[in-house]
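Data first, discussion second: the structure below is written as structure tokens.
The values are calculated or read from the model by the stated rules, or taken from the named source; none is laboratory data. The structure displayed is predicted, hence computed values, not measured ones. Cβ sites come from the backbone with ideal geometry, for glycine too, and all protein chains shown count toward neighbours.
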Amino acid sequence: MSRPLAALFLAAAFGAGPSGLGAEASAADPLAGTWVGELALGAITIRVVFNVAGAGGTLSATMDSPDQGAKGIPVTAARNDHGSIVLEVKGIGGVYRGTLSGDGSRVEGQWVQGGSTFPVVLKRSPGPFTVERPQEPRPPFPYREREVSIPSADGVVLAGTVAIPPGPGPFAAVVLVTGSGPQNRDEELMGHKPFLVISDYLARHGIEVLRFDDRGVAHSTGTFADATTLDFADDAEAALAFLAARPEVDRRRVGIAGHSEGALDAAIAAARNPAVRFVVMLAGPGIRGDQLLALQAAAIGRAAGQDEATLAAVGELNRRLYDLAESEVDPTALVTEGRAEAARFLERDTRLPQAVKDELNRSIGSQVAQLATPWIRTFLRLDPADYLSRISVPVLALNGSRDLQVPAEVNLAAVRAALQKAGNTRSRVVELPGLNHLFQHADTGLPSEYGRIPETFAPEALAAMESFIRALPR
């Protein structure tokens, strides 16, 4: 999963809002400017940024969470009453209250959301807050790019970009398929553009690349909310057919590289379509969806400092809800029964601290509603082994040792076993030390690190992909 399925504190509530301040900053109000603070959630720390503009008693503001890839969240009320500061963000049910220091350099206060209170000190930034992304390529490029439209199943038209290496070809070629959640062709998340970096690297090394917006995202048609993993596999196949038909592409060396859920899409496509001549699995799952989500929740919770009793209780609650999602056919009944089951569990369980129970009670409605979506009801049942065990073409499976979303040891072992069952002797399964789910060099692997790390995609992972594809038989 490119985006963590275990919810972070603010992530699920962030919606797309207008970017920018809407007014020129003015020194007339001491609060005008950019303010940066840190919100500590146990072992996780998330940066928050307030951009404030205005004068004459009238202020406007937006809020950013750069570590969660959220920008331009409207601040619905911004007030500075003689140094008493209020910044209210109704869209996520939060409010910041604090006191401006005499020299105007900091605000000491508290962020309140969902019944919880967190101390946050805001410090004035000397200018607009920016994040460093040194790998992001800038034109001019030593290759050509073409905007394309790709017909897919159900009348969907996918919008994408082809990066064509210099020279006449024929070129080995690869389709990039994003992970879970609605994402554009660059797989843009947490301020990073992994697929842009991958495409640039491979095109510079003589490999043609097609990347595309998910259905219903950016310039692609269709509805993302109604789609399942099987629909995304259809889109991957359509993109591969389009790429293979290009005159400069070598059809004997055309394949799919998918990240996270996208790796499962690639495996599904390769199992049923002989036109897929190779697969690259980037942090791809090897175990059933319900098992993966349980493993992911435990790994992230443990790394974030949760105790084993809490992890066990949350795991049991999730298991009950997953079982219900797999057995109950009617989505409306699933939501009703899921809420009732969760309420009974939380009332009786003695392992969970009351504060954790309160937080779960506040969020359980939205969590259960997600279980009623077509995507997750399909994903819970999908077993990658059903497809990997039927693949005979070369497969490169890469994962990082610090991946908490698709933990490497368990998933790579399952991928290896399934490929062995297929008698596939042309594949490599590699664990890369120190890399997280996004293939960044990381300290903990927690999703809260993603946006803080300047690196977008580790050079050794890029080199492994390039050497694997270039070594394919002609």
Return the residue satisfying two criteria in turn: it lies in region 366-404 and is of a type in the set (S, T, N, Q) and over 20 Å from the mean Cα position of the chain (by Cα), and of such residues it is nearest to GLY179 (Cα to Cα).
SER389
Odd one out for PHE439 among (1) within 19 Å of the chain's Cα centre (by Cα); (2) part of a helix (DSSP H, G or I)
(2)
If I filter region 351-362 for residues that are among the hydrophobic types (A, V, I, L, M, F, W, C), part of a helix (DSSP H, G or I) and either at pLDDT 95 or above or over 20 Å from LEU293 (Cα atoms) (or both), do I get at least one hit?
yes
Please work out which one of (1) farther than 25 Å from ARG344 by Cα; (2) in contact with a Phe, Trp or Tyr (Cβ under 9 Å, 6 or more places away or on another chain) is the condition THR221 fails and give its number.
(2)
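Does ASP186 satisfy being touching a residue at least 40 places away in the same chain (Cβ under 8 Å) and surrounded by fewer than 23 Cβ atoms within 10 Å (Cβ to Cβ)?
Details: touching a residue at least 40 places away in the same chain (Cβ under 8 Å): no; surrounded by fewer than 23 Cβ atoms within 10 Å (Cβ to Cβ): yes.
It is false that ASP186 is touching a residue at least 40 places away in the same chain (Cβ under 8 Å) and surrounded by fewer than 23 Cβ atoms within 10 Å (Cβ to Cβ).
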Subset of region 350-385 [under 30 Å from ARG416 (Cα atoms) and surrounded by fewer than 17 Cβ atoms within 10 Å (Cβ to Cβ)]
PRO374, THR378, ARG381
For region 413-440, enumerate the residues that are buried (at least 17 other Cβ atoms within 10 Å of the Cβ) and within 19 Å of PHE457 (Cβ to Cβ).
LEU432, LEU435, ASN436, HIS437, LEU438, PHE439, GLN440
Only one of (1) of a type in the set (A, V, I, L, M, F, W, C); (2) surrounded by fewer than 23 Cβ atoms within 10 Å (Cβ to Cβ); (3) closer than 23 Å to GLY206 by Cβ; (4) within 18 Å of the chain's Cα centre (by Cα) is not met by ALA241, so which one is it?
(4)
For residues that are in contact with a Ser or Thr (Cβ under 9 Å, 6 or more places away or on another chain) and in contact (Cβ under 8 Å) with a residue 12 or more places away in the chain, scanning just region 111-129, find the one that is surrounded by the fewest Cβ atoms within 10 Å (Cβ to Cβ).
GLY127
Looking at (1) closer than 27 Å to ALA203 by Cβ; (2) at pLDDT 95 or above; (3) not in a strand (DSSP E or B), which one does LEU398 not meet, given that it meets all the others?
(3)
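For region 137-154, state whether one or more residues are in contact (Cβ under 8 Å) with a residue 24 or more places away in the chain, within 20 Å of HIS437 (Cβ to Cβ) and touching a helix residue (DSSP H, G or I) at 6+ places or on another chain (Cβ under 6 Å). Even if it seems obvious, please write down each step before you answer.
Step one: list which residues in region 137-154 are in contact (Cβ under 8 Å) with a residue 24 or more places away in the chain, which gives 137, 141-143, 148, 150-154.
Going one step further and asking which of them are within 20 Å of HIS437 (Cβ to Cβ), we end up with none.
No, region 137-154 contains no residue that is in contact (Cβ under 8 Å) with a residue 24 or more places away in the chain, within 20 Å of HIS437 (Cβ to Cβ) and touching a helix residue (DSSP H, G or I) at 6+ places or on another chain (Cβ under 6 Å).
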In region 166-183, residues that are surrounded by fewer than 23 Cβ atoms within 10 Å (Cβ to Cβ) and touching a helix residue (DSSP H, G or I) at 6+ places or on another chain (Cβ under 6 Å) total 1
Listed residues ALA163, ALA78, ALA153; which is crowded, with 19+ Cβ neighbours inside 10 Å and under 30 Å from MET465 (Cβ atoms)?
ALA163
Among the numbered criteria (1) aromatic (Phe, Trp, Tyr); (2) in the same structural domain as LYS193 (by TED's automatic domain parsing); (3) under 27 Å from the mean Cα position of the chain (by Cα), which single criterion is violated by PHE171?
(3)
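Kindly evaluate ASN411 against the criterion of being in a strand (DSSP E or B) and under 19 Å from the mean Cα position of the chain (by Cα).
Values: in a strand (DSSP E or B): no; under 19 Å from the mean Cα position of the chain (by Cα): yes.
Here the answer is no, as ASN411 does not meet what is asked.
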Please find, within region 183-232, the residue that is farthest from the chain's Cα centre (by Cα) out of those that are at pLDDT 95 or above and at positive phi.
GLY206
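Using the structure shown, decide if ASP330 is modelled with pLDDT of 95 or more and of a type in the set (D, E, K, R). Outline the logic, then answer.
Values: modelled with pLDDT of 95 or more: no; of a type in the set (D, E, K, R): yes.
Against the criterion (modelled with pLDDT of 95 or more and of a type in the set (D, E, K, R)), ASP330 does not qualify.
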Complete set of residues in region 89-122 that are farther than 21 Å from ALA40 by Cβ and among the charged types (D, E, K, R):
LYS90, ASP103
So the check is Cβ under 8 Å with 6+ separation or different chains; which pairs have a first residue in region 161-181 that's at positive phi and a second one that's of a type in the set (Gly, Ala, Ser) and in a loop (DSSP other than H, G, I, E, B)?
GLY167/GLY206; GLY181/SER2
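Tell me, yes or no, whether region 387-401 has at least one residue that is out of contact with any helix residue (DSSP H, G or I) (no Cβ under 8 Å at 6 or more places or on another chain) and surrounded by 17 or more Cβ atoms within 10 Å (Cβ to Cβ). If you could, list the steps in order and put the result at the bottom.
Applying the first criterion (out of contact with any helix residue (DSSP H, G or I) (no Cβ under 8 Å at 6 or more places or on another chain)) to region 387-401 yields 392.
This time we only want the ones that are surrounded by 17 or more Cβ atoms within 10 Å (Cβ to Cβ), so: none.
Within region 387-401 (the criterion being out of contact with any helix residue (DSSP H, G or I) (no Cβ under 8 Å at 6 or more places or on another chain) and surrounded by 17 or more Cβ atoms within 10 Å (Cβ to Cβ)), the answer is no, since none of the residues qualifies.
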MET281 is checked against (1) of a type outside the set (Ser, Thr, Tyr); (2) touching a Leu at 6+ places or on another chain (Cβ under 8 Å); (3) surrounded by fewer than 17 Cβ atoms within 10 Å (Cβ to Cβ) and fails just one. What number does that condition carry?
(3)
Name the residue that is nearest to the chain's Cα centre (by Cα), counting only residues in region 135-150 that are surrounded by fewer than 13 Cβ atoms within 10 Å (Cβ to Cβ) and outside any strand (DSSP E or B).
ARG138
